[in-house]
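Asker: Below is a structure I'd like to ask you about.
The values are calculated or read from the model by the stated rules, or taken from the named source; none is laboratory data. Please read all numbers here as calculations on a predicted model, not as lab measurements. Every residue, glycine as well, gets a Cβ built from its backbone with ideal geometry; the counts of neighbours run over all protein chains shown. Quick note on the areas: whole protein, heavy atoms, side chains included, nothing else; ligands and nucleic acids left out. Shrake-Rupley method; radii C 1.70, N 1.55, O 1.52, S 1.80 Å.
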Amino acid sequence: MPDTKGLLVVSGDLSPRARQAIEKQDGLDVWTGDDLRHLLQRFPDVAQAAFSSVAASQSLQMMMAAASPPPPRPVFAQFEDRLDAIKAGKDDWSKFEDWGTEILTEIFKPDLGPPDQQTRSDDGLDIMDAIFPIRSGSPPWALVRAEYGTRFAVAEYKNYTKPIGPKQVESIQQYLWIPAKRQFGLLVSREGPAPQAIIQRRRAWLEQQKMIVFLTAADLIGMLEMRENGEEPFNVIEAQLEEFFRTLSP
């Protein structure tokens, strides 16, 4: 329509070329930042109302931000908080076991199926902390299943204040058995292994083809963080396996 008017408001200034282009447009006016400042000086009541509106908007935004719930903590940080609440030692061993089973489930789902906890062997003599069925048909767990001839990953948890020794390796070693397709173990502890434990792990492989991986609680938290960041958490295990076989000698 010929009587239609348009108003273009810019916060800064316009170049001469831009202003000339706008002036050629019928029915279009432009206000620059200087124009607005001059108008507000001429009409102080309008200026005060504008400033009050801006201040009110800012206050409202601050109130809404304060009322909004904080973003949830990452899952790995939640597990870290839970670990801090578990006391090292035998008194909280079951809490540490539950914590370890839950975080391993979170790290490797769905490649590892839901675990069975406190599973008793068919002869009734042994109780395993947790057994994870290997479900994945793709790497890396499919390679573990094929390379070690295992259908399960057996996890044992040691809530000790000191590095684990050979007896703890022997403990998980007795649960690994070729006829039962249990040849791969995860020994989880707060501290890393003592040198004697590493020697016992070597003996378990050379004599009985039983593979045991040492993982600390800090390793598991880092692996869960890797998963949340889109990285492959199994790389932590893979690095340990590579080092074991690279340095293995008769």
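Asker: Tell me, which residue of region 1-52 that is part of a helix (DSSP H, G or I) and surrounded by fewer than 10 Cβ atoms within 10 Å (Cβ to Cβ) is modelled with the lowest pLDDT?
Answerer: Selected residue: Pro16.
Asker: Follow-up question, since we're still on this one. Would you confirm whether any residue within region 158-165 is surrounded by 20 or more Cβ atoms within 10 Å (Cβ to Cβ) and more than 22 Å from Leu83 (Cα to Cα)?
Answerer: No, every residue in region 158-165 fails to be surrounded by 20 or more Cβ atoms within 10 Å (Cβ to Cβ) and more than 22 Å from Leu83 (Cα to Cα).
Asker: Here is a follow-up. Against the condition open to solvent by 20 Å² or more (accessible area, probe 1.4 Å), of a type in the set (A, V, I, L, M, F, W, C), closer than 20 Å to Tyr148 by Cα and modelled with pLDDT of 95 or more, how does Leu186 come out, does it pass? Steps first, answer last, please.
Answerer: Values: open to solvent by 20 Å² or more (accessible area, probe 1.4 Å): no; of a type in the set (A, V, I, L, M, F, W, C): yes; closer than 20 Å to Tyr148 by Cα: yes; modelled with pLDDT of 95 or more: yes.
Against the criterion (open to solvent by 20 Å² or more (accessible area, probe 1.4 Å), of a type in the set (A, V, I, L, M, F, W, C), closer than 20 Å to Tyr148 by Cα and modelled with pLDDT of 95 or more), Leu186 does not qualify.
Asker: Show the residue pairs that are 6+ apart or on different chains and have beta-carbon atoms under 7 Å apart, the first residue being within region 74-88 and more than 14 Å from Met223 (Cβ to Cβ), the second being of a type in the set (Phe, Trp, Tyr) and open to solvent by less than 50 Å² (accessible area, probe 1.4 Å).
Answerer: Arg82/Trp99; Ile86/Phe96; Ile86/Trp99
Asker: Against the conditions (1) buried (at least 18 other Cβ atoms within 10 Å of the Cβ); (2) free of Cβ contacts under 8 Å to residues at least 12 places away in the same chain, where does Glu225 fall short? Just the number, please.
Answerer: Condition (2) is where Glu225 drops out.
Asker: Right, next: Tell me, which strands (runs of 3 or more DSSP E) wholly within region 95-203 include 2 or more residues that are under 19 Å from Phe234 (Cβ atoms) and touching a Phe, Trp or Tyr at 6+ places or on another chain (Cβ under 9 Å)?
Answerer: Output list reads 127-133, 152-158, 184-189.
Asker: Another one. So in region 53-88, with the set limited to residues that are part of a helix (DSSP H, G or I), farther than 30 Å from Asp34 by Cβ and open to solvent by 100 Å² or more (accessible area, probe 1.4 Å), which one is modelled with the highest pLDDT?
Answerer: Asp84
Asker: Return the residues of region 228-250 that are open to solvent by 40 Å² or more (accessible area, probe 1.4 Å) and over 23 Å from the mean Cα position of the chain (by Cα); say none if nothing qualifies.
Answerer: Glu242, Glu243, Phe245, Arg246, Thr247, Leu248, Ser249, Pro250
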